[in-house]
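Student: Once you've had a glance at the structure underneath, I'll fire off some questions.
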Amino acid sequence: MSLPEPVANIADRIVSYYDTKATPPFLIYQYEPSDEYAVRRELGDLRKWLEAEPRNIECDTVSLAAVFWEALEEGGQLDMIIEAEQDGAYEDAHLAVRQVLSTRPTLADRVVERIQSKQTERSAIFLYRAGALYPAHRTSTLLDELKARVDKPVTLLYPGRLVGDYGLSFMGQTEPTYGYRALIIPRGES
């Protein structure tokens, strides 16, 4: 199976980690939001490639959308947030979402729990559907929290725009953030 060059770059970094046992890579696979479904297909191909012999790397996926909705439902704020958005009080809704996601268990706590429940000796974690967090929660915060708590390769599928070499504009709508402590791998032109 042949992988597109950016996806092959992700695969090489994950396999290299298991060959060398260096620091686990934290990767951001940046793509245009309109390419979401094509990227999910690429993730499926990458998963098959990594899980095949001789690599035998188990691929665990975590839907950030599922974690997001679970947190809102458990936080008891979902009806209020929906009502605020329907009333056009978007800032109030986004503030409520930020509060729910930063209260224990935080978004990162929930992601770590999912990861730990599925991890094997040779596993790689893929975080997808990050667009569900827009505009209330930035992925840079989530990755910073995970970096200190996860000792396996992590790849965030990032819908957004690359600005320069290191800036990321979430969903192509936010001001670029330059503080990501992860390797950015752009998908390229759509």
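The values are calculated or read from the model by the stated rules, or taken from the named source; none is laboratory data. No experiment lies behind these values; they were computed from the predicted model shown. All Cβ positions, glycine included, derive from the backbone under ideal geometry; neighbour counts span all protein chains shown. Just so you know, the surface numbers come from the protein's heavy atoms only, side chains and all, with ligands and any DNA or RNA stripped out. Shrake-Rupley method; radii C 1.70, N 1.55, O 1.52, S 1.80 Å.
Student: Express in nm, to one decimal, how much length is gained between Ala132 and Glu91 on full extension, taking 0.36 nm for each residue of separation and deducting their alpha carbon distance. Numbers along the way, then the final one.
Tutor: Working: separation 41, 0.36 × 41 = 14.76 nm, distance 1.63 nm.
Going from the current span to full extension adds 13.1 nm.
Student: Follow-up question, since we're still on this one. Do me a favour and compute the ellipsoid semi-axes for the range 64-155 from its Cα gyration tensor, root of five times each eigenvalue, largest one first, whole Å. Kindly include the intermediate steps, with their values, before the conclusion.
Tutor: Details: eigenvalues 147, 29, 22 Å².
Over the Cα atoms of the range 64-155, the ellipsoid semi-axes are 27, 12, 11 Å.
Student: Which residues' amide hydrogens lie under 5 Å from the amide hydrogen of Gln30, considering only partners 5 or more residues apart or on another chain, with H built in the peptide plane?
Tutor: For Gln30, the qualifying residues are Tyr158, Ile185, Arg187.
Student: Sorted from largest down, what three extents in whole angstroms do the Cα atoms of the range 1-100 have along their principal axes?
Tutor: Between the extreme Cα coordinates on each principal axis of the range 1-100 lie 53, 29, 19 Å.
Student: Here is a further query. In deg cm²/dmol, rounded to 500, what helix-only [θ] at 222 nm does the chain give when every DSSP H run of at least 4 residues adds -39500 (n - 2.57) and the total is split over its residues? Walk me through the numbers before you get to the answer.
Tutor: On the way: 7 runs with 86 residues, N = 190.
Here the helix-only value at 222 nm equals -14000 deg cm²/dmol.
Student: So if we plug the beta-carbon distance of Ala52 and Thr23 into 1/(1 + (r/R0)^6) with R0 = 35 Å, what FRET efficiency do we get, rounded to 0.05? Don't skip to the answer; put the middle values down first.
Tutor: On the way: r = 25 Å, r/R0 = 0.72.
Calculated transfer efficiency: 0.90.
Student: Another question, if that's okay. Per residue and in Å³, how big is the convex hull formed by the alpha-carbon atoms of the chain? Intermediate results must be reported in sequence, preceding the final value.
Tutor: Working: hull volume 22.4 nm³, N = 190.
Per residue, the Cα convex hull of the chain comes to 118 Å³.
Student: In addition: Give the longest segment of the chain that steers clear of trypsin sites (Lys or Arg not before Pro) in DSSP loops with at most 10 neighbouring Cβ atoms within 10 Å, not counting the sites themselves.
Tutor: Values: sites that count: Lys21, Arg181.
The longest uninterrupted stretch comes out as 22-180.
Student: Out of the total accessible area of the chain (probe 1.4 Å, heavy atoms of protein only), what percent is carbon and sulfur? Show your work: numbers first, answer last.
Tutor: Details: 4520 of 9680 Å².
Its accessible area is 47 percent carbon and sulfur atoms.
Student: Would you list which lysines come within 17 Å of Lys152, measuring only between C-alpha atoms, while excluding same-chain residues fewer than 8 positions from it?
Tutor: Correct list for Lys152: Lys21, Lys118.
Student: Let's see if you can work this out: charge +1 on each Lys and Arg Cβ, -1 on each Asp and Glu Cβ, no other charges. What is the dipole magnitude of the chain about its Cα centre, in debye to the nearest 20? Could the numbers behind the result be given before it?
Tutor: Numbers: 21 positive and 30 negative charges, 146 e Å.
So the magnitude is around 700 debye.
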